[in-house]
Structures are given as structure tokens and as C-alpha cells.
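Structure, as C-alpha cells:
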Amino acid sequence: ILKGWAAICLGEAELGIELLHDGTTAWRNAGSRLWLPIFLALEAEAHAKAGHNDAALQVIAEALQISEETEERWAVAEILRIKAGLLQKAGRPTEEVEALLINSLQVARHQQACSWELRSACDLARLWQHKGREAEALRLVQAIYDQFTEGFGTEDLRRAEALRVELAST
């Protein structure tokens with residue numbers, strides 16, 4: 001599974017998808033369901049990177065279903081965020097995308113999952129930015145960004161900082 005994700009990150013989309021799918025199938029065949037929702041989220045992201053949005057949406061729906069069945073909800077905030085991005089890419093109404101991102105943000109806050117809260121907030125802020133709600137977007141990102149005391153070199157925090165600067169300048 002992780003070898004497939006690594007292939008995706010190296011730009012080998014089709015190989016990565018094949019490895020991810022084979023890995024999740026082997027995982028299931030071994031009787032394992034633990035971690036399956038996040039593994040399926042990786043597979044959905046791989047499909048999205050390869051331009052297979054419909055397949056990505058099917059896999060993300062399965063991840064949410066398994067999460068509900070098994071009550072393994074630690075990754076739900078991230079899965080909802082990914083789903084929102086897929087729906088946005090598919091041209092779905094912004095209200096639907098916004099509702100998913102708000103749900104993702106609430107789940108992350110409830111779980112005190114700060115990194116996933118930041119990711120959801122940044123995606124929601126981008127959506128609000130396109131709707132002319134820059135001040136509200138900045139307040140959202142700033143409030144979460146200010147909670148961090150370390151890790152400023154990570155990709156998520158670098159992206160949040162860039163968004164914060166961009167929103168502050170408008």
C-alpha cells in the first residue's frame with residue numbers, strides 16, 4: 001500500500017494505483033479492516049491524481065462506509081476533506097463542497113486533530129476566497145495557524161502561511 005503511495009508521489013500514477021489496489025485487496029483478504037479507510041483515501045487520491053475522478057469518488061464512498069461500519073473514525077476528517085476536493089473538481093455545487101469542508105473541520109476539531117483541521121480550514125478558506133469572503137477566510141486560517149508552535153517547515157504549515165499572506169494582502 002505504501003509502496004503504491006510512494007509511486008504516486010514519484011509521478012508513476014498507474015503503477016501506484018495498481019500497487020495500492022493490490023495492497024488493499026491483500027489487506028482485506030487477510031481479514032484486516034483496521035486502517036482500511038485511510039488506505040482507501042490514499043487510493044482515492046491516487047485515482048484523482050491520475051484523472052480518474054469517478055473512480056476516486058467510488059473509493060472515497062467506500063472508505064466512508066467502512067469507517068461507519070467499523071466505527072474507525074480517526075481519519076474521517078481527512079476523508080471528508082478529500083471527498084470535498086473531488087466533488088469540487090467534478091463541478092458540484094459549492095454549497096455541497098462547503099458543507100463537507102465544514103463537517104470535516106468540525107470532526108477534526110472534535111478529535112483535536114490539528115493538522116487535519118488546518119488542511120480542512122485551508123481548503124474552506126480557498127473556497128471562501130473565490131466567493132469574496134477573504135476576511136472570513138483569513139480569520140479561520142489565522143486562528144488555527146496560531147495554535148501551532150512547531151513544524152513550520154512542514155508542507156501543510158508552509159501552505160497555510162502562504163495562504164494567510166495571500167489573504168492578508170487582499
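Give VAL141, VAL97, VAL107 a once-over and let me know the one that is at pLDDT 95 or above, over 20 Å from LEU86 (Cβ atoms), in a helix (DSSP H, G or I) and not small (Gly, Ala, Ser).
VAL141
Within the range 13-32, can you find the residues that are open to solvent by 60 Å² or more (accessible area, probe 1.4 Å), touching a residue at least 12 places away in the same chain (Cβ under 8 Å) and among the hydrophobic types (A, V, I, L, M, F, W, C)?
TRP27
Out of all the residues in the range 145-162, which are surrounded by fewer than 22 Cβ atoms within 10 Å (Cβ to Cβ) and among the aliphatic types (A, V, I, L, M)?
To start, the set of residues in the range 145-162 that are surrounded by fewer than 22 Cβ atoms within 10 Å (Cβ to Cβ) comprises 145-159, 161-162.
Answer for the range 145-162, where residues must be surrounded by fewer than 22 Cβ atoms within 10 Å (Cβ to Cβ) and among the aliphatic types (A, V, I, L, M): LEU157, ALA162.
For the range 123-138, name all the residues that are in a helix (DSSP H, G or I), touching a Leu at 6+ places or on another chain (Cβ under 9 Å), among the charged types (D, E, K, R) and open to solvent by 60 Å² or more (accessible area, probe 1.4 Å).
Correct list: ARG126 only.
For the range 110-122, which residues satisfy the criterion of being part of a helix (DSSP H, G or I) and either closer than 20 Å to PHE152 by Cβ or of a type in the set (A, V, I, L, M, F, W, C) (or both)?
Result: CYS114, SER115, TRP116, GLU117, LEU118, ARG119, SER120, ALA121, CYS122.
Given the conditions (1) crowded, with 19+ Cβ neighbours inside 10 Å; (2) over 29 Å from GLY151 (Cα atoms), which single one is not true for GLU96?
(1)
The values are calculated or read from the model by the stated rules, or taken from the named source; none is laboratory data. These figures come from a predicted structure and were not determined experimentally. Quick reminder, even Gly has a Cβ in these numbers, built from the backbone with ideal geometry, and neighbours come from all protein chains shown. Please note that ligands, DNA and RNA were not included when accessible areas were found on the heavy atoms of the full protein model with its side chains. Shrake-Rupley method; radii C 1.70, N 1.55, O 1.52, S 1.80 Å.
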